[in-house]
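One structure is given below, encoded as structure tokens.
The values are calculated or read from the model by the stated rules, or taken from the named source; none is laboratory data. Note that this is a predicted model, so its numbers are computed, not measured. Note: ideal-geometry Cβ built from the backbone for every residue, glycine included; neighbour counts use all protein chains shown.
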């Protein structure tokens, strides 16, 4: 029996970088809760962005953010996992060597620290994702971010599936890299991913992962889909994700996830 519905956001519920969602989701989420089925928004996004997106139902949902590094019930933190400072320095050094990135971002509890040579990316982060942004003058300065960091991301000029951040061999095992969008590569502590986040949330809720339903579209959603009892993807999903999910719910443009979860009402 499904007791938790966990869905990725960008590319699954909304077009990537969108700051608004079909308001019918709010009504459906509340009705699902009344029937004993909880909803979890799962994303690589920062808390400020997702809290604004789901503001009308924030107290009714769970959040698995930073690709699994920050789990909340509404605004109450349940679990966090951040980078060691030496790992932040190593990622920063590797990003400094890359000539094919336009932005470098660090996610913290207060907001995101952003270096970018393209002002359009900064506007997208502020106006599209509704992030709280703190500017960083250079990539090197990222190692001096004063807060604990959940996740670091680079915006790749080209296909992120064909790129990676060139970490030193001794550090590669400490960092997980995942394609998270049309140009984004996200980096988290090695043991952090959306699937692990789902398992931790299920443990908190005292339910089994077999009682979960998950939706996704991109490669960073694969651990989530593998962990869930039932896994679906949208038609726009990457081919590797389609093979993992095995089931296509329909198109993002048709609000296919919304239509599917309404079947549980």
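The table for this structure:
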quantity	calculated
Unmet requirement for residue 140, which otherwise passes all of (1) surrounded by fewer than 18 Cβ atoms within 10 Å (Cβ to Cβ); (2) more than 25 Å from residue 42 (Cβ to Cβ); (3) within 22 Å of the chain's Cα centre (by Cα); (4) modelled with pLDDT of 90 or more	(3)
Condition met for residue 194 (surrounded by 23 or more Cβ atoms within 10 Å (Cβ to Cβ) and within 25 Å of residue 1 (Cα to Cα))	yes
Entirely in segment 144-227, the helices (runs of 4 or more DSSP H) that have 1 or more residues that are under 21 Å from residue 78 (Cβ atoms)	194-205, 222-227
Hits in segment 198-214 (condition: more than 17 Å from residue 42 (Cα to Cα) and either touching a strand residue (DSSP E or B) at 6+ places or on another chain (Cβ under 9 Å) or not assigned by TED's automatic domain parsing to the domain that holds residue 73 (or both))	207, 210
Subset of segment 88-118 that is in a helix (DSSP H, G or I) and under 20 Å from the mean Cα position of the chain (by Cα) - its residue that is farthest from residue 69 (Cα to Cα)	91
Members of segment 98-118 found to be buried (at least 22 other Cβ atoms within 10 Å of the Cβ) and in contact with a helix residue (DSSP H, G or I) (Cβ under 6 Å, 6 or more places away or on another chain), listed by number	103, 104, 106, 107
Subset of segment 7-33 (residues that are more than 30 Å from residue 148 (Cα to Cα) and within 21 Å of the chain's Cα centre (by Cα))	22, 23, 25, 26, 29
Lone qualifier among 160, 166, 146 - being buried (at least 21 other Cβ atoms within 10 Å of the Cβ), more than 14 Å from the chain's Cα centre (by Cα) and either under 19 Å from residue 99 (Cα atoms) or outside the structural domain of residue 15 (by TED's automatic domain parsing) (or both)	160
Some residue of segment 34-52 being more than 28 Å from residue 229 (Cα to Cα), more than 12 Å from the chain's Cα centre (by Cα) and in the same structural domain as residue 249 (by TED's automatic domain parsing)	yes
Selection from segment 149-162 of residues that are in contact (Cβ under 8 Å) with a residue 40 or more places away in the chain and under 23 Å from residue 9 (Cβ atoms)	149, 150, 151, 152, 153, 154, 155, 156, 161
Qualifying position, being assigned by TED's automatic domain parsing to the domain that holds residue 36 and touching a residue at least 24 places away in the same chain (Cβ under 8 Å), among 112, 91, 64, 121	64
Condition met for residue 77 (exposed (fewer than 15 other Cβ atoms within 10 Å of the Cβ) and within 19 Å of residue 112 (Cα to Cα))	yes
Residue within segment 119-129 that is in a loop (DSSP other than H, G, I, E, B) and loosely packed, with under 14 Cβ neighbours inside 10 Å present	no
